[in-house]
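Enquirer: Pasting a structure below so you can have a look.
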Amino acid sequence: MVKKVAVLTSGGDAPGMNAAVRAVVRTGLAHGLEMYAVYDGYKGLYEGKIERMYRKSVAEKLNRGGTFIGTARLPEFVHPEIRQVCVENLQEYGIDALVTIGGDGTYRGAYELEKMGVFTVGIPGTIDNDVAGTDYTIGFDTALTTIVEAIDKLRDTSSSHRRCSIVEVMGRHCGALAIWAGIAVGAEVVICEETGYDEAKVIQTIQDAARVKKHAIVIVSENFIDIKHLEKVLNDFTPFEARTTILGYVQRGGCPSPRDRVLASMMGAKAVECLVNNISGVCMCSVNEKIVAIPFEEALKMKKNQVEEKYKVFEELW
Ligand code: F6P
């Protein structure tokens with residue numbers, strides 16, 4: 001029977017992580033559990049940065065962006081001796097279960113801890129929407145809203161100057177943010193791993209746009225093509241002046257959207273309910289608007305978010 005539960009956030013922060021931490025802590029307290037936070041992800045776990053959490057500790061956090069318990073990336077977590085120290089630090093506080101909020105790297109870490117005897121539950125928190133098994137990750141909706149608002153603003157200036165805006169968005173190796181934003185703003189072109197890059201086709205599309213429109217928008221997912229090269233090509237071979245905007249970390253900030261707050265609260269509550277019912281080694285997944293628990297092992301093998309259908313619609317709408 002689980003009695004003491006800790007929660008941590010790991011990897012890139014995402015809007016809604018605070019709402020998830022709050023839900024974990026408050027649900028745990030409602031079930032009579034002793035609750036703890038680990039500061040700064042697995043790095044903080046290794047360093048023993050653990051603190052007791054009370055109802056008040058998570059007050060006024062629901063609507064705040066970022067993660068108030070901090071986050072970090074710890075590549076060294078792959079080493080068993082590092083994980084052993086983490087397990088011992090949990091044991092020192094008598095903590096028997098850990099809720100980890102983050103992306104699939106965070107899940108892999110949690111799965112390893114599970115194998116070492118710590119009860120673990122994962123919650124998907126990343127703006128990228130690239131965690132297998134779940135339709136949505138916490139933070140995706142807010143980041144998408146931020147991107148769409150930014151591109152709407154770019155449209156004003158690019159159409160005034162007859163320009164083509166090239167906008168780089170985040171996503172690591174997942175094109176979900178790029179494709180969803182592409183549909184939402186009516187972009188001319190989206191370029192990401194899932195769409196591939198056909199330079200001649202991109203030029204042709206922007207030339208066609210120039211015949212009927214005062215501006216064009218090209219959304220490019222990070223880590224895929226040389227964006228400066230694309231800018232030069234569009235300057236050289238289309239009537240538009242091309243200008244690049246890299247949205248960067250702005251996309252990760254801001255108050256979480258209502259949808260992200262609800263998703264985070266539902267997943268946080270369900271994570272603790274799993275532990276209370278002696279279910280561990282699972283991650284929370286939103287499947288057709290229901291929160292379900294899928295074993296890490298299964299989820300890590302599943303195919304990530306499918307965006308092909310969305311891209312098909314994007315192309316049909318242009
Ligand atoms: O995983 C979230 C994310 O924001 C990615 O979109 C991006 O590639 C990465 O994190 C950036 O990571 P860092 O904060 O380590 O620069």
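The values are calculated or read from the model by the stated rules, or taken from the named source; none is laboratory data. Note that the coordinates shown come from a computational prediction; the quantities given were computed from them, not determined experimentally. FYI the Cβ positions are ideal-geometry reconstructions off the backbone, even for glycines, and counts take in every protein chain you see.
Enquirer: Looking only at residues that are free of Cβ contacts under 8 Å to residues at least 24 places away in the same chain and basic (Lys, Arg) in the stretch 214-232, which one is nearest to the ligand (Cβ to nearest atom)?
Expert: Among those that are free of Cβ contacts under 8 Å to residues at least 24 places away in the same chain and basic (Lys, Arg), it is Lys228.
Enquirer: Does Ala264 satisfy the condition of being of a type in the set (A, V, I, L, M, F, W, C) and closer than 19 Å to Ile123 by Cα?
Expert: yes
Enquirer: Determine if the stretch 228-239 includes at least one residue that is surrounded by fewer than 19 Cβ atoms within 10 Å (Cβ to Cβ), not polar (S, T, N, Q) and not assigned by TED's automatic domain parsing to the domain that holds Gly186. Quick ask: steps written out before the conclusion?
Expert: Filtering the stretch 228-239 for residues surrounded by fewer than 19 Cβ atoms within 10 Å (Cβ to Cβ) gives 228-229, 231-233, 235-237, 239.
Right, trim to not polar (S, T, N, Q) and you get 228-229, 231-233, 236-237, 239.
Next, only the ones that are not assigned by TED's automatic domain parsing to the domain that holds Gly186 stay: none.
Within the stretch 228-239, not a single residue is surrounded by fewer than 19 Cβ atoms within 10 Å (Cβ to Cβ), not polar (S, T, N, Q) and not assigned by TED's automatic domain parsing to the domain that holds Gly186.
Enquirer: Could I ask something else about it? I want to confirm something. Restricting to the stretch 212-227 and keeping residues that are within 26 Å of the chain's Cα centre (by Cα) and outside any loop (DSSP other than H, G, I, E, B), which single residue is nearest to Cys174 (Cα to Cα)?
Expert: By that ranking, first place goes to Ser221.
Enquirer: Within the stretch 1-35, can you find the residues that are in contact with a strand residue (DSSP E or B) (Cβ under 6 Å, 6 or more places away or on another chain), assigned to a loop (DSSP other than H, G, I, E, B) and within 16 Å of the ligand (Cβ to nearest atom)?
Expert: Ser10, Gly11, Ala14, Gly16
Enquirer: Which one is nearest to Val7 (Cα to Cα), of the residues in the stretch 281-318 that are out of contact with any Leu (no Cβ under 9 Å at 6 or more places or on another chain) and of a type in the set (Gly, Ala, Ser)?
Expert: For the stretch 281-318, the residue satisfying everything is Gly281.
Enquirer: Is it fair to say Ala20 is surrounded by 24 or more Cβ atoms within 10 Å (Cβ to Cβ) and under 16 Å from the mean Cα position of the chain (by Cα)?
Expert: When the stated conditions are applied, Ala20 passes them.
Enquirer: Here's something else I'd like to know. How many residues does the stretch 157-190 hold that are touching a Leu at 6+ places or on another chain (Cβ under 8 Å) and more than 16 Å from the ligand (Cβ to nearest atom)?
Expert: Step one: list which residues in the stretch 157-190 are touching a Leu at 6+ places or on another chain (Cβ under 8 Å), which gives 164-171, 177, 180-181, 183-184, 186.
From what is left, the residues that are more than 16 Å from the ligand (Cβ to nearest atom) are 164-166, 183-184, 186.
Within the stretch 157-190, residues that are touching a Leu at 6+ places or on another chain (Cβ under 8 Å) and more than 16 Å from the ligand (Cβ to nearest atom) number 6.
Enquirer: I want to confirm something. Restricting to the stretch 36-54 and keeping residues that are touching a helix residue (DSSP H, G or I) at 6+ places or on another chain (Cβ under 6 Å) and within 27 Å of Gly254 (Cβ to Cβ), which single residue is nearest to the ligand (Cβ to nearest atom)?
Expert: In this case the residue turns out to be Tyr42.
Enquirer: Additional query: Looking at the stretch 233-247 only, could you name the residues that are assigned to a helix (DSSP H, G or I) and in contact (Cβ under 8 Å) with a residue 24 or more places away in the chain? Outline the logic, then answer.
Expert: Initial filter on the stretch 233-247 (assigned to a helix (DSSP H, G or I)): 233-237.
Listed by number, the residues that qualify are Val233, Leu234, Phe237.
Enquirer: Continuing with the same structure: I need a count of the residues in the stretch 118-138 that are of a type in the set (D, E, K, R) and either assigned by TED's automatic domain parsing to the domain that holds Gly248 or crowded, with 24+ Cβ neighbours inside 10 Å (or both).
Expert: 1
Enquirer: Among the residues in the stretch 260-279, are any of a type in the set (Asp, Glu), out of contact with any Phe, Trp or Tyr (no Cβ under 6 Å at 6 or more places or on another chain), closer than 30 Å to Leu62 by Cα and more than 16 Å from the ligand (Cβ to nearest atom)?
Expert: Yes, the stretch 260-279 contains a residue that is of a type in the set (Asp, Glu), out of contact with any Phe, Trp or Tyr (no Cβ under 6 Å at 6 or more places or on another chain), closer than 30 Å to Leu62 by Cα and more than 16 Å from the ligand (Cβ to nearest atom).
Enquirer: Which one of Val190, Val131 is at negative phi, more than 17 Å from the chain's Cα centre (by Cα) and not in a helix (DSSP H, G or I)?
Expert: On inspection, the qualifying residue turns out to be Val190.
Enquirer: Against the definition (more than 16 Å from the ligand (Cβ to nearest atom), in contact with a Pro (Cβ under 7 Å, 6 or more places away or on another chain) and assigned by TED's automatic domain parsing to the domain that holds Asn63), how does Val282 come out, yes or no?
Expert: yes
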